[in-house]
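The values are calculated or read from the model by the stated rules, or taken from the named source; none is laboratory data. Just so you know, these numbers come straight off a predicted model, no measurement behind them. Note that we place each Cβ from the backbone using ideal geometry, even for glycine, and neighbour counts take in every protein chain shown. We work out accessible area using only protein heavy atoms, side chains counted, and drop any ligands, DNA or RNA first. Shrake-Rupley method; radii C 1.70, N 1.55, O 1.52, S 1.80 Å.
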Amino acid sequence: MLLRARRATALSAALVAVTLAAAACGGTTKDSNEDTAAGPASSASANPDAPLKEGLKIAFLPKQVNNPYFTVADKGGEKAVKEFKGEYKEVGPSDASASSQVQYINTLTQQGQDGICVSANDANAVVPALTQARQRGVKVVTFDSDAAKAGRDAFVNQADPEALGRTEVQLLAKQIGEKGKIAILSATPNATNQNAWIEFMKDELKKYPGMQLVKVAYGNDDDQKSFQETQGLLQAYPDLKGIISPTTVGIAAAARYLSSSPYKGKVALTGLGTPNQMRQYVKDGTVKEFELWDPAKLGYLCAYAAAALSSGQITGAEGEKFKAGELGEYTIGKDGAILLGPPQVFDAKNIDQFNF
Amino acid sequence: MSTTVLPPADTSEPRPSAFAEHSPLRRLLSWEGAITALLIFAVLVASFGVEGFADSFNLANAQLDIVEIAILSLTLTLLVVIGEIDLSIASNLGMCSALMGVLWNGGLSIETIIPITILVGALAGALNGFLVTFVGLPSLAVTIGTLALYRGLAYVLLGDKAVADFPVSYTTWPSKTLGSLPIPYPTVLVIVLAIVVGVILHATPVGRSLYAIGSNKEAARFAGIRVKRITFWLFVASGAFAGLAAIIYTLRFSSARADNANGLELTVVAAVLLGGVSIFGGRGTLPGVLVAVLLVGVLRNALILDDVESETLMLVTGGLLIISVLAPNAVTWGRERWRLRRLAQKAASTS
């Protein structure tokens, strides 16, 4: 018994010793790590006059299948693929974890697709598989959520942070006659997206001297917390004129509070929301206008970008132009980014045309 | 699959041991034989029926997709054989992965991070082992608890961020293959580990004592087997293997995240049970489990390649799990019925 206990102790000690020895030896660390991932260089040159090929196989790989947002986006892609007489398909995992898309990318590569439109669950986890795909001639366009540059030819960006931030202030200014105290109900204090938008909102507010930002509250993208924060804002500032909530969770919770409170119709609310979440509040008069991008157009543009790449019209380099069906001409920006355009504003008149 | 498929030694007559029977016919009729036949059948159907399956690029990727499942199933097999279970393996993997991210951000070298990760995985396993053996709690309850605990710690370590800037020389290692053969390096590692674990389980006194513990803990203890000590160290090994799997997972995807391998424990449990290991302990072989892991991998790969929807995929995995648990019991039940009827007939004829 004693002997065995001793042996176990010795084993543990040996393990620790090995660990410490390895620690002392040094090796490859973050600081010494010079090698960076590089994707296959696009050596081909673009021919803007090349016709769109027929019969292109374009596959959509959303973050998660059966997610309403991606169902709408992929339907937009399907419409585009039909227009240029290609073969469309949608595949994907049922969970949105980091690695779940990799198996699908590998099989799409194996199936010899011409283009993949993918919304990456993890910017880096998909890169090795996408790099393999590109080495085998598959064109990769990311949409909604980008992958690291080495993994894709182009990125269809749904919204410019500057446009989103500024237009939300403009929407609210219009609703409250450019006068009064306003507040922002954001997600978390360290949400990169939201903070970038809020910076642009503050800058845009300089143009409206009558409007005063009194507080930025955080609902942590949690329905209950956002609901309580809205309640708190109105108790602290009874003369509040408007709220901007640049998060779909926040705006829905704030609308729910306002719609059942005496502030309904008196305090304006705008921000980023989905039509299905906001429909009832637009119809009962709680909310006049809010905005988001149109996911159907996002998928549509992504499919055209993939087709233009596969047909050799573009290579993904900055400044190249291509036509995206009914959306018109697009120019590739910095780092292969293609900007969809100004956000879509939803109001009582148009909200029933959207389902997501 | 025919209805004559029997799990190994699932007989109601008292027999000395399942391993006394080595006749080729028995082996063919055994559970392992049946699922090996199923694997061969699946591979043949996929090779001829699914375009692009039997391609070296695809075969190599298909192996990478089951590397972590294979590693975790090795130690889980031993634990289930002694009648215990470890449901915290995938959470432990996630925690170790998050830890790798934190250590790498902290400026440690990969060469240092690798042993530390395995050590921490082993420590997490030791906590399970301690609670099961020395506190005397059931392993199902303990590891459901640590399943949540380790996943929680993973989020404490890394939040919802990802660490991705691992050196390319390490992140490309898992997809490198042995020369021109479609065998990626991690497969070689799995084969080596499987041989070691297989030899321990099937060719050493320790392995025989594992079956003894699984058949009857008390009897094993009276026979002089150090049940607690063995149980404890198996949990430690299970944790260390989770740490090892975390290293491969993290480097393979070049992404250390708290949600890595979320829910993978169920696939591993499914593979172990499908491999013929009895959930009640005392029964099952490592080759059976490895064949089951391959079968799960082949089915997933072929179905995805054939554009089967992910819901159907879950249905297939779930279906296999139910079959693997139900079939042995159904056979036992059928035999018992048959034996009772025979006894009743005998009694009727003698009276």
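Applying D = kT/(6 pi eta Rh) to region B:112-171, where Rh is the Kirkwood radius over alpha-carbon pairs, T corresponds to 20 °C and eta to 1.002 mPa s, the Stokes-Einstein value obtained is 159 µm²/s.
Rolling a 1.4 angstrom probe over the protein heavy atoms with all chains in place gives chain B an accessible area of 45 Å² per residue.
The string of couplings for region A:337-346 from the Karplus curve (6.51, -1.76, 1.60, θ = phi - 60°) is 8, 10, 8, 4, x, x, x, 8, 9, 10 Hz, one whole number per residue in order, with x for Gly and Pro.
When shorter helices are ignored and each DSSP H run of at least 4 residues is given -39500 (n - 2.57), the per-residue value for chain A at 222 nm works out to -12500 deg cm²/dmol.
Net charge in the neighbourhood of A:Ala196 (other residues with Cβ under 14 Å of its Cβ; Lys, Arg +1, Asp, Glu -1) is -4.
Angle of helix B:185-203 to the longest C-alpha principal axis of chain B, folded into 0 to 90 degrees and rounded to 10: 40°. With contacts taken as Cα pairs under 8 Å at a separation of at least 6 residues, region A:237-312 carries a relative contact order of 28 percent. Which percent of the accessible area of region A:235-331 is formed by carbon and sulfur heavy atoms (probe 1.4 angstrom)? Ligands and nucleic acids excluded, carbon and sulfur give 50 percent.
Each of B:Pro174, B:Ile35, B:Ala54 was placed along the dipole of chain B (beta-carbon charges, centred on the mean Cα), and the one lying farthest toward the positive end is B:Ile35. Do any residues of region A:106-130 show a loss of at least 20 square angstrom of accessible area between the isolated chain and the full protein assembly, using a 1.4 Å probe, and if so which? By number: A:Asn106, A:Thr107, A:Gln110, A:Gln111, A:Asp122, A:Asn124, A:Ala125, A:Pro128. Computed with the Debye formula from one identical point scatterer per Cα of chain B, without solvent, the log10 of I(q)/I(0) at q = 0.06 Å⁻¹ comes to -0.24. What whole-number distance in Å separates the alpha-carbon centres of region A:234-294 and region A:164-214? Computed from Cα coordinates, the inter-centre distance equals 14 Å. Only helices enter this figure: runs of n ≥ 4 DSSP H residues, each worth -39500 (n - 2.57), summed and divided by the residues of chain B, yield -24000 deg cm²/dmol at 222 nm to the nearest 500.
For B:Tyr185, B:Tyr211, give the ranking by accessible area with the largest first, probe 1.4 Å. Intermediate values should be presented prior to the final figure.
On the way: B:Tyr185 75, B:Tyr211 25 Å².
Largest accessible area first, the residues go B:Tyr185, B:Tyr211.
Near B:Ile82, the amide H atoms lying under 5 Å from its own belong to B:Gly282; only residues 5 or more places off or on other chains count, and H is placed 1.01 Å from N. Under a 5 Å amide H cut-off, with hydrogens placed 1.01 Å from N, B:Ala258 pairs with nothing among residues at least 5 apart or on other chains.
Rounded to the nearest 10 degrees, the inclination of helix B:89-105 to the longest alpha-carbon principal axis of chain B is 10 degrees.
In summary, the helical segments of chain A meeting the span-like criteria, namely a full DSSP H run, a Cα extent along the axis of 30 angstrom or more and a mean Kyte-Doolittle hydropathy of at least 0.0, are A:2-25.
Chains B and A together bury roughly 3600 Å² of accessible surface, counting both sides and using a 1.4 Å probe on protein heavy atoms.
In order along region A:312-319, the Karplus-derived 3J(HN,Hα) couplings, from 6.51 cos²θ - 1.76 cosθ + 1.60 at θ = phi - 60°, round to x, 5, 9, 10, x, 7, 4, x Hz, and Gly and Pro are given as x. Placing +1 on the Cβ of every Lys and Arg and -1 on the Cβ of every Asp and Glu, with nothing else charged, gives region A:220-356 a dipole about its Cα centre of roughly 360 debye. Top mean-square fluctuation among B:Ser310, B:Ser238, B:Ser30, Gaussian network model of chain B, C-alpha springs under 10 Å? Judging by the Gaussian network model, the answer is B:Ser310. Between 0 and 90 degrees, the angle of helix B:31-49 with respect to the longest Cα principal axis of chain B falls at about 50 degrees. Highest GNM mean-square fluctuation among A:Ala154, A:Ala120, A:Ala129, for chain A modelled with Cα contacts below 10 Å: A:Ala129.
Taking the square roots of 5 times each eigenvalue of the Cα gyration tensor of the protein assembly as shown, largest first, gives ellipsoid semi-axes of 52, 30, 27 Å.
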